[in-house]
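Here the structure is laid out as structure tokens; the discussion comes afterwards.
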Amino acid sequence: MELNNIGDNRYLYVCEGKTDSDRLKKLGCLFVVETGGKYIPREVIEFLKEVHKIREIVLVLDPDSPGKEIKEKLKRELGKCLTCYVKQKDAKDSNNKIGIAQAKSEVLKEALAPFIKHDLFIDENLSLGDDDYYELGLSGESSREKREKVVKHFRIPFQTNKKIEDALLMLSITRSEIEDIIDE
């Protein structure tokens, strides 16, 4: 696929866990990948490297020691990344647990505002239509073999249909590229 300049695409947001991911998506972040904590699987790092060729990455990590370790590791592995900062005092709950999931919504919205604003003004045509994934036979009965072929070819480290479809969109993989892989 002919790609735009990296700045002409929506951002990819990287966070630590599922709760963080859910919050980011509710606030308008379309493409979100979870590290699963500081022991990031190599497959996830390799996937992020591929996506980083297409989109800028925004790190939205907990303002604690593990979050800082993750940030440093990802910057070493991926190179330049944007960072969304939330102060530790603003990301602490009543039990003194620190994290993006604990940040007040208004604080998180404010920290994400420049990134979300960028995404809102990007006219990126998504590479797959709403029905393409199903029509390609990647979902539903007898879909496993085709899905595994696509996952293996594009080195997608996810297993669920939704995450695989999201990964294809993050990578800007087109329907015809998927058809070629399935037909091989």
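Looking at region 39-61, is at least one residue touching a helix residue (DSSP H, G or I) at 6+ places or on another chain (Cβ under 7 Å), in a loop (DSSP other than H, G, I, E, B) and charged (D, E, K, R)? Taking every residue of region 39-61 in turn, at least one turns out to be touching a helix residue (DSSP H, G or I) at 6+ places or on another chain (Cβ under 7 Å), in a loop (DSSP other than H, G, I, E, B) and charged (D, E, K, R). Would it be correct to say that Val44 is within 19 Å of Lys80 (Cα to Cα), in contact with a Cys (Cβ under 9 Å, 6 or more places away or on another chain), modelled with pLDDT of 95 or more and among the aliphatic types (A, V, I, L, M)? Taking the combined requirement at face value, the residue does not satisfy it. Given the criteria at pLDDT 90 or above, of a type outside the set (Ser, Thr, Tyr) and in contact with a strand residue (DSSP E or B) (Cβ under 9 Å, 6 or more places away or on another chain), does Lys109 qualify? No; evaluated as a whole, the condition is false for this residue. Among the residues of region 82-102, those identified as surrounded by fewer than 17 Cβ atoms within 10 Å (Cβ to Cβ) and assigned to a helix (DSSP H, G or I) are Gln88, Lys89.
With respect to the conditions (1) aliphatic (A, V, I, L, M); (2) at pLDDT 85 or above; (3) not assigned by TED's automatic domain parsing to the domain that holds Thr35, Ile116 falls short on a single one, namely (3). Answer yes if at least one residue in region 35-43 is touching a Gly at 6+ places or on another chain (Cβ under 7 Å), buried (at least 17 other Cβ atoms within 10 Å of the Cβ) and more than 19 Å from Glu106 (Cα to Cα), and no otherwise. No; the residues of region 35-43 include none that is touching a Gly at 6+ places or on another chain (Cβ under 7 Å), buried (at least 17 other Cβ atoms within 10 Å of the Cβ) and more than 19 Å from Glu106 (Cα to Cα). Checking the stated criteria, Asp119 turns out not to satisfy the condition of being among the acidic types (Asp, Glu) and farther than 24 Å from Leu48 by Cβ.
Step by step: first the residues of region 116-151, then only those that are under 17 Å from Glu177 (Cα atoms) and aliphatic (A, V, I, L, M), then the one that is farthest from the chain's Cα centre (by Cα). Which residue is that? Checked region 116-151; the qualifying residue farthest from the chain's Cα centre (by Cα) is Leu136. Of the numbered criteria (1) at pLDDT 95 or above; (2) under 18 Å from His118 (Cβ atoms); (3) not charged (D, E, K, R), the one Asn5 fails is (1). Of the residues making up region 70-81, just one is touching a residue at least 24 places away in the same chain (Cβ under 8 Å) and exposed (fewer than 15 other Cβ atoms within 10 Å of the Cβ), namely Gly79. Applying the set (1) farther than 25 Å from Lys53 by Cα; (2) assigned to a helix (DSSP H, G or I); (3) without any contact (Cβ under 8 Å) to a residue 60 or more places away in the chain to Lys163 leaves exactly one unmet item: (1).
Taking the conditions (1) touching an Asp or Glu at 6+ places or on another chain (Cβ under 9 Å); (2) part of a loop (DSSP other than H, G, I, E, B); (3) crowded, with 16+ Cβ neighbours inside 10 Å; (4) among the hydrophobic types (A, V, I, L, M, F, W, C) in turn, Ile173 satisfies each one other than (1). Taking the conditions exactly as written (hydrophobic (A, V, I, L, M, F, W, C), assigned to a helix (DSSP H, G or I) and buried (at least 18 other Cβ atoms within 10 Å of the Cβ)), does Leu168 satisfy them or not? It is true that Leu168 is hydrophobic (A, V, I, L, M, F, W, C), assigned to a helix (DSSP H, G or I) and buried (at least 18 other Cβ atoms within 10 Å of the Cβ). In region 141-148, is there at least one residue being of a type in the set (Ser, Thr, Tyr) and surrounded by 17 or more Cβ atoms within 10 Å (Cβ to Cβ)? Scanning region 141-148, I find no residue that is of a type in the set (Ser, Thr, Tyr) and surrounded by 17 or more Cβ atoms within 10 Å (Cβ to Cβ), so the answer is no. In this structure, is Ala101 out of contact with any strand residue (DSSP E or B) (no Cβ under 7 Å at 6 or more places or on another chain), small (Gly, Ala, Ser) and within 15 Å of Leu24 (Cα to Cα)? So Ala101 fits the description; yes.
The values are calculated or read from the model by the stated rules, or taken from the named source; none is laboratory data. Since the structure is predicted, the reported quantities are computational estimates derived from the model, not experimental observations. Neighbour counts run over all protein chains shown; Cβ positions are idealised from the backbone, glycine included.
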